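What follows is a set of notes on a single structure, which appears directly below.
The values are calculated or read from the model by the stated rules, or taken from the named source; none is laboratory data. Quick caveat, the model's predicted, so the values are computed rather than measured. Methodologically, a virtual Cβ is constructed for each residue, glycine included, from the backbone with ideal geometry; neighbour enumeration extends over all protein chains shown.
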Amino acid sequence: MSKKCITNLRHKDFYPIKGAGYEGFLRGYFYYENQYVTHENFASIINEEILASKDFAKWNGEYALIFTNDECTTLVTDMKRSIPLFYSMDDSGNWLVQDFIQPHEGMKMNSEAEEEFLITGFVFRDKTLFEEWKQVPAVSYLILKEEAFQHYYYSYVLPKETEPIDVFAKELKQVFNDLFDDLADRLKDRQIVIPLSGGYDSRLIALNLVERGLKDNITAFTYGRPGNGESTVSKQIADKLGLKWKYFAYDKKMWEDMYKSEEWKDYVVYSSNGVSVAHLQDFPSTKLLVEQEGLQDAVFLPGHSLDYLAGGHLPYESIVDKQFEKSEIQTFIMNKHFRLWELSGKDSYAETAIGKGLYQDIEAHSNYTNERVTSLIDEWNWRERQAKFIINSVRVYEYFGQGWSIPLWDDRLIHFFSKIPANLKYKKYLYDYTLHQMYPEYYPLPQKPGPENSLKNKYGILYPMLRKIYRKKNLYRKYFDEPMEWYGIYPTYKQYVQSLTFKRNGQKYEHPYNINSFIVKDMIQMMKEITK
């Protein structure tokens, strides 16, 4: 006899579903064998046999699913954990399933999760900041019986195909056409909001929706210090496409007031759920846009995170044709992600508990060729940072009562880029090449990148020392030079400088990497105050 499962769901769009042999809740949508599935037609398409197969890699969409049959309760996240699920056990020994975690007095903090959170901005695997609660990671399902059993249903570490770049580019264009056709069909009667930066990804969304006749549905917006480069490019793109465009000026006083507000604290709890740092940069502009435009359940379409899927986060050293050591892979990941704070007197986190946990993740794989290593690096990034930090940023739109979708994380793009060889993914070469073919007026023809893009190659043995000098110099400049002005969370430069180091558990932390370094430190303190 399995334990009872009690479901407590916060979001209004979790709807009941019921079919032969099961019942539960669904939020979101997916495509199954070219059929568009929501809670309304779920039971007519998805039967008990399909659920029993656990072949969720065939479900392309943005959803979270909870279903119970005679044997167990199963929780399912989509490929990117766009909608989080959490589980715990109550005082009576029953399972408790929620789509949120509300910290309260008496909850126990998880010390290892704290360290992960402090150094990266997110918590690894199925942990949360709280001992009592666990999460369902991206691309996985969880079976709740007497015990909890979590399984991943898809791996990004797959064999690569070898085709000329033009063959891949043609296929990628077709993927874009298909996914944007589907997106336009879903949103044809909705108000659409695009956070339009100066980058490639958000303009790709705007271009494709304008092509499909949705120009009048779209409001684009951007923000930052007046005259910053990103907002200038954003305005140029919006004007060229004939889009309604809004700009929100950011200054230090605005950030100081926001960071002290009760609304910010409430949003931090709402968005973090004990897993990731609260998304900062869209918070003021989303609040103002919703108020000024009177938005009612508009759909925000952020440009997350095709630059990552397309290979933009791979170091040159990882694509070299050789067999790698596990410690090299560990270093690649730590250099990219373990950097919000540095431990004084230590060059890396390799020998800490979180570094050793990463090493164990790597040991689950074998045959460390460059193709497998680059996929392994990307898979760790996908399951951990992208899903828990980048994609979780859509909570800011939810907080202000709006909808969202993440078109550039469509599962078809995940499947496509999982088979692309490393030399075509490095520095997004194939992606940028394809964009130029599709929209030469908006995207320049890229040059194929090589070893000259590696700063380690360029500077050799001097690289570690030069990197430290640059970071230290940049650290003091940031307060005045940051185009988003968000270091105004510290009212004076003196207070900012005083915040550049702190001590915790007898260790000194220094050299904060970016604004999230300060937010994670403050968030941990906030959670401790709430739960003490």
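See the values below:
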| item | result |
| --- | --- |
| Any hit, the range 43-64, residues being in the same structural domain as PHE124 (by TED's automatic domain parsing), on the phi > 0 side of the Ramachandran plot and modelled with pLDDT under 95 | no |
| Qualifying residues in the range 221-253 (those that are under 23 Å from LYS478 (Cα atoms) and of a type in the set (Phe, Trp, Tyr)) - the one nearest to the chain's Cα centre (by Cα) | TYR223 |
| The listed residue being small (Gly, Ala, Ser), in the same structural domain as THR219 (by TED's automatic domain parsing), touching a residue at least 12 places away in the same chain (Cβ under 8 Å) and surrounded by fewer than 16 Cβ atoms within 10 Å (Cβ to Cβ), out of GLY242, GLY294, GLY274, GLY303 | GLY242 |
| Residue tally, condition part of a helix (DSSP H, G or I) and either touching a strand residue (DSSP E or B) at 6+ places or on another chain (Cβ under 8 Å) or among the basic types (Lys, Arg) (or both), over the range 467-505 | 8 |
| Total residues in the range 365-379, condition touching a helix residue (DSSP H, G or I) at 6+ places or on another chain (Cβ under 7 Å) and either aromatic (Phe, Trp, Tyr) or in a helix (DSSP H, G or I) (or both) | 7 |
| Out of ARG212, ARG225, sole residue that is free of Cβ contacts under 8 Å to residues at least 40 places away in the same chain and touching an Asp or Glu at 6+ places or on another chain (Cβ under 9 Å) | ARG212 |
| Residue among ALA57, ALA64 that is surrounded by fewer than 22 Cβ atoms within 10 Å (Cβ to Cβ) and not in a loop (DSSP other than H, G, I, E, B) | ALA57 |
| Checking LYS508 against (1) outside any helix (DSSP H, G or I); (2) at pLDDT below 95, the condition it does not meet | (2) |
| Subset of the range 282-318 (residues that are β-branched (Val, Ile, Thr) and touching a helix residue (DSSP H, G or I) at 6+ places or on another chain (Cβ under 8 Å)) | THR286, VAL299 |
| Filter result for the condition that a residue is aromatic (Phe, Trp, Tyr) and closer than 26 Å to ASP126 by Cα, over TYR349, TYR429 | TYR349 |
| GLY312 vs. criteria surrounded by fewer than 23 Cβ atoms within 10 Å (Cβ to Cβ), touching a Lys or Arg at 6+ places or on another chain (Cβ under 6 Å), part of a loop (DSSP other than H, G, I, E, B) and not charged (D, E, K, R) | yes |
| Residue list for the range 319-329, filter: surrounded by fewer than 21 Cβ atoms within 10 Å (Cβ to Cβ), in a helix (DSSP H, G or I) and not charged (D, E, K, R) | SER327 |
| Residue list for the range 332-354, filter: part of a helix (DSSP H, G or I) and closer than 22 Å to ILE390 by Cβ | PHE332, ILE333, MET334, ASN335, LYS336, HIS337, ILE354 |
| Qualifying residue in the range 88-98 (condition: closer than 27 Å to LEU183 by Cβ, within 29 Å of the chain's Cα centre (by Cα) and not aliphatic (A, V, I, L, M)) | no |
| Residue in the range 155-170 that is under 30 Å from CYS5 (Cβ atoms) and polar (S, T, N, Q) present | yes |
| Leading residue by the ranking (surrounded by the fewest Cβ atoms within 10 Å (Cβ to Cβ)) among those in the range 476-513 that are within 17 Å of ASP251 (Cα to Cα), of a type outside the set (D, E, K, R) and within 27 Å of the chain's Cα centre (by Cα) | PRO483 |
| Selection status of ALA298, under 20 Å from PHE122 (Cα atoms) and at pLDDT 95 or above | no |
| Yes/no for PRO407 being surrounded by fewer than 16 Cβ atoms within 10 Å (Cβ to Cβ), outside the structural domain of ILE83 (by TED's automatic domain parsing), closer than 21 Å to ILE205 by Cβ and at pLDDT 95 or above | no |
| Number of positions in the range 293-309 that are assigned to a loop (DSSP other than H, G, I, E, B), within 15 Å of the chain's Cα centre (by Cα) and of a type outside the set (Ser, Thr, Tyr) | 4 |
| GLU49, sole failed condition from (1) of a type in the set (Asp, Glu); (2) closer than 30 Å to ALA20 by Cβ; (3) in contact (Cβ under 8 Å) with a residue 40 or more places away in the chain | (3) |
| Residue in the range 382-401 that is farther than 22 Å from TYR156 by Cα, surrounded by 22 or more Cβ atoms within 10 Å (Cβ to Cβ) and not hydroxyl-bearing (Ser, Thr, Tyr) present | yes |
| Residue check for TYR397: in contact (Cβ under 8 Å) with a residue 40 or more places away in the chain and assigned to a loop (DSSP other than H, G, I, E, B) | no |
| The listed residue being at pLDDT 85 or above, among the aliphatic types (A, V, I, L, M) and under 22 Å from LYS336 (Cα atoms), out of LEU455, LEU445, LEU500 | LEU500 |
| Meets criteria (part of a helix (DSSP H, G or I) and either aliphatic (A, V, I, L, M) or closer than 30 Å to ASN367 by Cβ (or both)) for ALA238 | yes |
| Matching residues, the range 354-413, being closer than 21 Å to LYS322 by Cα and within 13 Å of the chain's Cα centre (by Cα) | ASP378, GLU379, TRP380 |
